[in-house]
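Below: one structure, written as structure tokens.
The values are calculated or read from the model by the stated rules, or taken from the named source; none is laboratory data. Given the structure is predicted, the values throughout are model-derived calculations rather than measurements. All Cβ positions, even for glycine, are placed from backbone atoms using ideal geometry, and neighbour counts span all protein chains on display. Keep in mind that these areas ignore ligands, DNA and RNA; they rest on the heavy atoms of the full protein, side chains included. Shrake-Rupley method; radii C 1.70, N 1.55, O 1.52, S 1.80 Å.
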Amino acid sequence: MHDEDAALDIVQDAMMKLAEKYGDKPVEELPMLFQRILQSTICDYYRRQKVRSTWTTLLSSFSRDDDDSDPLETLQSDDAPNPLGTPASQLEQSQLLDIIEKEVEKLPPRQREAFLMRYWEELDIAETAAAMGCTEGSVKTHCSRATHTLAHALKAKGIEL
């Protein structure tokens, strides 16, 4: 891992999970449990990065090249005209957003709920699981299926990620 801050966050998250879920276990078992939790937390981090990278790449076409802001923040509602870009690019952006919205609406309810909480509301896996009343594994499964379904649907419409 090249990002020291991210590495420290991962270790801290793993330690918190160990303390919360396995604080009552014998001390002899903790090192192995911690190692497994740490491995899972690292995998979660890289999985999250991959998915965010995919959506950031898709949404980055909506921002200017010299703009370092979050691409989701550059998307505007239909009520507020975009002062940047040509009418043609505004139309293209609007059409693409409509396509994405329609494809998100077609997702099964649990997948749509997990996807929107994780990537639009930016909740972490634990927060999403608590809000949905399911396990963290279920959230991961729903999000994975949703992103694969959306990517396939967009690709079928000629939109490359």
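Could you provide, to the nearest whole Å², the per residue accessible area of the range 87-143 with probe 1.4 Å?
On a per-residue basis, 57 Å².
Using a Förster radius of 30 Å, what is the FRET efficiency between LEU91 and TRP120 based on their Cβ-Cβ separation? Nearest 0.05, please. Mind dumping the intermediate values first?
On the way: r = 23 Å, r/R0 = 0.77.
Rounded to the nearest 0.05, the efficiency is 0.80.
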